[in-house]
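Chemist: This structure is in structure tokens; I'll ask about it shortly.
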Amino acid sequence: MDLGLVDKVAIVAASSKGIGKAVAQKFAEEGAKVVICSRNNDALNKAAKDIQEKSGQEVLPVKCDVTSSKDLEKLFKTAEKYLKKVDILVCNAGGPPQGTFEKLTERDFSWAIELNLKSTINMCRLAVPGMKKRKWGRIIAITSISAKQPLDDLILSNTVRAGVLGFTKSLSNEMAKYNITVNSICPGFTATDRLKDFASGLAKKSKFTVKQLFTSWERSIPMNRLAEPAEPANLIAFLASEQAAYITGTAVQIDGGYIKSII
Ligand code: NAD
């Protein structure tokens, strides 16, 4: 299937590793011009080099902390300066820390809102005017299964991800008339550093080892395995494609069957 991504310009936020990097890699393989960002220049340049080598497509790395409005403005200005437009925006960030309600402070909640919800809102604010002008746009937010089925010890994620779904659904209604689609994806357990860090944190305060935690997660997934980062990346590439023009306002889970509810 031709995704129609050749020469489309995509900003993929938080993309020096993990799911974000896999998305950038997939876009580049499909012929899109990709802008990647993260807070650390060394990791960012390494990722850009790696994607370029594998795809043969040039990638533009821009140092940016998605919680900083100033950095986000610079990210969009740089993309528009060198690549002239932004057709596709993938909103992504690190995950908020684990913990239960009584262990977390007001500051922790504010931080999670900044990291995952406000960053998404701020990126959309910068992307929408150009997409509206060109009457074409794709916005995809990376959230989590936690938005649909809360996960133990992750109350921050459970709270703010649901907020992102509310925001993207509302925005999709407002943007449909401009031919801009807005969707979210809800990844399940995916083999990235984030999951390793989560397992180490959990192992420290439970009687289980990291290996036992991974085994128990695998057993809880009907597909009996974790996702590879390329799997949510493939879904995002489809949602960003010409073929997905009529899909908007959805929150698609990609979790090997983990979520127990029907819808
Ligand atoms: P990861 O830790 O492997 O990668 C995160 C990326 O985000 C890195 O490139 C990092 O440098 C960058 N980043 C972090 N904070 C940033 C910031 N403030 N500004 C700019 N860049 C920043 O994580 P991942 O597993 O790829 O997860 C991506 C998102 O998906 C996270 O929000 C995570 O919570 C969510 N998620 C992950 C899983 C999973 O199992 N891996 C499951 C559900 C949801």
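Chemist: Give, as residue ranges, the strands (runs of 3 or more DSSP E) completely inside segment 1-72 that count at least 3 residues that are open to solvent by less than 30 Å² (accessible area, probe 1.4 Å) and either within 13 Å of the ligand (Cβ to nearest atom) or free of Cβ contacts under 8 Å to residues at least 24 places away in the same chain (or both).
Modeler: Per the criteria, 33-38.
Chemist: I need a count of the residues in segment 243-263 that are part of a strand (DSSP E or B) and among the aliphatic types (A, V, I, L, M).
Modeler: 3
Chemist: Sort out which residues of segment 150-188 are closer than 20 Å to Leu235 by Cα, of a type in the set (S, T, N, Q) and within 16 Å of the ligand (Cβ to nearest atom), and write them in order of number.
Modeler: Thr168, Asn183, Ser184
Chemist: So, one more: Would you tally the residues in segment 150-199 being open to solvent by 50 Å² or more (accessible area, probe 1.4 Å), modelled with pLDDT of 95 or more and either touching an Asp or Glu at 6+ places or on another chain (Cβ under 7 Å) or not in a helix (DSSP H, G or I) (or both)?
Modeler: 2
Chemist: At pLDDT 95 or above and touching a helix residue (DSSP H, G or I) at 6+ places or on another chain (Cβ under 7 Å): which single residue out of Asn45, Asn92, Asn41 fits that description?
Modeler: None of the other options fit; the residue is Asn92.
Chemist: For Trp217, which of the numbered conditions (1) more than 11 Å from the ligand (Cβ to nearest atom); (2) within 29 Å of Gly166 (Cα to Cα); (3) surrounded by fewer than 19 Cβ atoms within 10 Å (Cβ to Cβ) fails to hold?
Modeler: Against the list (1) more than 11 Å from the ligand (Cβ to nearest atom); (2) within 29 Å of Gly166 (Cα to Cα); (3) surrounded by fewer than 19 Cβ atoms within 10 Å (Cβ to Cβ), Trp217 comes up short only on (1).
Chemist: Which residues, counting only those in segment 7-44, are of a type in the set (Lys, Arg) and within 17 Å of the chain's Cα centre (by Cα)?
Modeler: Passing the criteria: Lys17, Lys21, Lys26, Arg39.
The values are calculated or read from the model by the stated rules, or taken from the named source; none is laboratory data. Being a predicted model, the structure only gives us computed values, none of them experimental. As a convention, Cβ positions derive from the backbone with ideal geometry for all residues, glycine included, and neighbour counts pool all protein chains shown. Protein only, heavy atoms only, side chains kept; ligands, DNA and RNA dropped before computing areas. Shrake-Rupley method; radii C 1.70, N 1.55, O 1.52, S 1.80 Å.
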